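Participant: Sharing a structure below in C-alpha cells format, with a few things to ask.
The values are calculated or read from the model by the stated rules, or taken from the named source; none is laboratory data. What you see is a predicted model; the values in this text were computed from it and never measured. All Cβ positions, glycine included, derive from the backbone under ideal geometry; neighbour counts span all protein chains shown. For accessibility, only protein heavy atoms count, side chains too; no ligands or nucleic acids. Shrake-Rupley method; radii C 1.70, N 1.55, O 1.52, S 1.80 Å.
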Amino acid sequence: MGKRYYVNGGWQFNGTLDNEVVQSGQGYGAYIEGGYYITPMLAVGGFASFNTNNQYFPKQTYVFDDKSALTTDLNKSIYQVPFGTSVRYRFSRSMFQPYIEAKLGTEYSTQSTYMSTFVSRDSNWGFYVSPEVGVTVYPFNKDDFGFQLAAYYSYSTNESNKYSMKGINNLGFKLGIAF
C-alpha cells in the first residue's frame, strides 16, 4: 500500500442546486483524475469531468416581449466540463484509504433550451472550485486495483444573461475504479 500515484475514473451523479436554468439531479456524468503523492499522505494532481442535467417542461404557451407566442414543450439542459488541478490528503495507507480533496480549475458550460424544432443556447467559461470527501478501497490486498466512492460540492462562476444565471452550484457523488 505504498504506491506513489493514483488514477481514478468512473461514473458520477450530479444535482444542480439553486439554479434558474435546470434544477435536477441526474447520472449523466463521468470523471477521470490522477495525482502523485509528494509525501506519503499528500498528493497533487489533475482532474477532468463532465455532467449533463436536463429538465422537461410540459406543453404550454409562451408569450414574448414583442407579443408573439409559441406553444410547445421544453427541454432545458446544462452541460458542464470542469478541469484543473487538485490537492488530496489521505488519512491511511491501508486497504481503506479515506481522503479529502480540493479541486481548482476552470469550467466550460453550455445552457440550452430545446423547443420543438428550435434551440436557444449560450456557452460560457468560469472559475471552478470543489471540495470532496471519499474513500478508496483496495479489497485484494494490493494497491494496483480498487474502488472509489466520493461525495462532492462544486461551484463555478459561469454566468449567462440569456438565462439569468449567476454561477452553477452542484452536489453529487462518484463511483469508480482506482488504479
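Participant: Could you grab me the full set of residues in segment 137-154 that are farther than 27 Å from T16 by Cβ and assigned to a strand (DSSP E or B)?
Facilitator: Within segment 137-154, V137, G146 meet the criteria.
Participant: If we keep just the residues of segment 127-170 that are within 14 Å of the chain's Cα centre (by Cα) and under 24 Å from L74 (Cβ atoms), which is most open to solvent (accessible area, probe 1.4 Å)?
Facilitator: Restricting to residues being within 14 Å of the chain's Cα centre (by Cα) and under 24 Å from L74 (Cβ atoms), the top hit is N169.
Participant: On to the next question. Would you kindly identify the strands (runs of 3 or more DSSP E) lying entirely within segment 1-98 that contain at least 1 residues that are in contact (Cβ under 8 Å) with a residue 60 or more places away in the chain and open to solvent by 50 Å² or more (accessible area, probe 1.4 Å)?
Facilitator: Here the list reads 5-17.
Participant: Counting just the residues of segment 114-155 that are out of contact with any Asp or Glu (no Cβ under 7 Å at 6 or more places or on another chain), among the hydroxyl-bearing types (S, T, Y) and touching a residue at least 40 places away in the same chain (Cβ under 8 Å), which one comes out nearest to L42 (Cα to Cα)?
Facilitator: T136
Participant: Return the total of residues in segment 99-126 being of a type in the set (D, E) and open to solvent by less than 30 Å² (accessible area, probe 1.4 Å).
Facilitator: 2
A quick yes/no check of all residues on (1) under 26 Å from K3 (Cβ atoms); (2) not hydrophobic (A, V, I, L, M, F, W, C):
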{"site": "S77", "(1), (2)": "no, yes"}
{"site": "T106", "(1), (2)": "no, yes"}
{"site": "T110", "(1), (2)": "no, yes"}
{"site": "Y114", "(1), (2)": "no, yes"}
{"site": "W125", "(1), (2)": "no, no"}
{"site": "E132", "(1), (2)": "yes, yes"}
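Participant: For residues that are β-branched (V, I, T) and either closer than 18 Å to I177 by Cβ or more than 17 Å from the chain's Cα centre (by Cα) (or both), tally how many sit in segment 13-65.
Facilitator: Number satisfying all stated conditions: 6.
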